[in-house]
1. Restricting the search to region 226-260, which residues are free of Cβ contacts under 8 Å to residues at least 24 places away in the same chain and in a loop (DSSP other than H, G, I, E, B)?
2. Report yes if residue 223 is in contact (Cβ under 8 Å) with a residue 60 or more places away in the chain, touching a strand residue (DSSP E or B) at 6+ places or on another chain (Cβ under 9 Å) and in a helix (DSSP H, G or I), otherwise no.
3. Out of the residues in region 167-200 meeting the condition of being more than 14 Å from the ligand (Cβ to nearest atom) and buried (at least 19 other Cβ atoms within 10 Å of the Cβ), tell me which one is nearest to residue 152 (Cα to Cα).
4. Within the set of pairs 6 or more residues apart or between chains, which connect a residue that is more than 10 Å from residue 88 (Cα to Cα) inside region 55-71 to a residue that is modelled with pLDDT under 95 with Cβ atoms less than 6 Å apart?
5. Those residues that are in contact with a helix residue (DSSP H, G or I) (Cβ under 9 Å, 6 or more places away or on another chain) and in a loop (DSSP other than H, G, I, E, B), I need them from region 199-218; list them, please.
6. If a residue has to be out of contact with any strand residue (DSSP E or B) (no Cβ under 7 Å at 6 or more places or on another chain) and within 15 Å of the ligand (Cβ to nearest atom) to count, how many in region 60-75 make the cut?
7. So residue 42 passes all but one of these: (1) in a strand (DSSP E or B); (2) within 16 Å of residue 77 (Cα to Cα). Which condition number does it fail?
8. Examine region 78-95 for a residue that is assigned to a loop (DSSP other than H, G, I, E, B), within 9 Å of the ligand (Cβ to nearest atom) and at pLDDT below 95, and state whether such a residue exists.
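The values are calculated or read from the model by the stated rules, or taken from the named source; none is laboratory data. All figures in this text were calculated on a predicted structure; none of them were measured in a lab. Using ideal geometry, Cβ is built from the backbone for each residue, glycine included, and neighbour counts are taken over all protein chains shown.
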Ligand code: DGL
């Protein structure tokens, strides 16, 4: 089992921002990354759809031999993490917007959260804010269209720029001094978000925390591997199109193949 890969999935290529942190911390592990591009974006899909899809993907990844699973998507976590944990027998690491560390860091008492509509409307997010940010003003900004624009038009495209102008302005206007990147696609545009906020604003993503948690679970389960750091990338969408986006975003040459869970 130790030599088996760790599976990571997202609606698309946002989860690569998490994968980068996982591979940095665990360079000897092999990873299998699945982008569910056929259903990108997850952010506007009904919760019941995301739950069923998440469980189906998780079961198929375990059937492929995954020794652990990372849900590298805040939206899928909000909708499906509990159902996935109940359905499969390998360790699962899920991620959620870093509201807790953000509340601890904020000096202005106002923090901003950028995430998908589905994540912000979830019970899980409401609970997170209720438990970890009492007394803090949380400006939660949904960003419809942003994840797709990052993938389809590119992080530096005019379309992404226009969406960021609209979505970041309310956080700056409210005086947020910490911005939570509550969708794994958004670290691809972290610099562009920072440029739209006052100097000194802290941006938080959860990649490093997820990597530490995965390492703890592997150590605890006796599952650490001594592999070669191999990476396999698959998509439920059109591999050629996804390949072009990977080549633009990812600094390592990796081939994308088609896989349907
Ligand atoms: N990357 C995903 C997340 O972390 C969602 C993007 C989408 O498919 O809407 O929430």
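1. Those that are free of Cβ contacts under 8 Å to residues at least 24 places away in the same chain and in a loop (DSSP other than H, G, I, E, B): 251, 252, 253, 254, 255.
2. Values: in contact (Cβ under 8 Å) with a residue 60 or more places away in the chain: yes; touching a strand residue (DSSP E or B) at 6+ places or on another chain (Cβ under 9 Å): yes; in a helix (DSSP H, G or I): no.
For residue 223, the condition - in contact (Cβ under 8 Å) with a residue 60 or more places away in the chain, touching a strand residue (DSSP E or B) at 6+ places or on another chain (Cβ under 9 Å) and in a helix (DSSP H, G or I) - is not met.
3. Top of the filtered list is 193.
4. What qualifies is 67/1.
5. Let us first name the residues in region 199-218 that are in contact with a helix residue (DSSP H, G or I) (Cβ under 9 Å, 6 or more places away or on another chain), namely 201-212, 214-215.
Selection gives 201, 205, 206.
6. Matching residues across region 60-75 total 1.
7. (1)
8. Within region 78-95, the first condition is being assigned to a loop (DSSP other than H, G, I, E, B), and the residues that meet it are 88-91, 95.
Right, trim to within 9 Å of the ligand (Cβ to nearest atom) and you get 95.
From what's left, at pLDDT below 95: 95.
So far as region 78-95 goes, yes, one or more of its residues are assigned to a loop (DSSP other than H, G, I, E, B), within 9 Å of the ligand (Cβ to nearest atom) and at pLDDT below 95.
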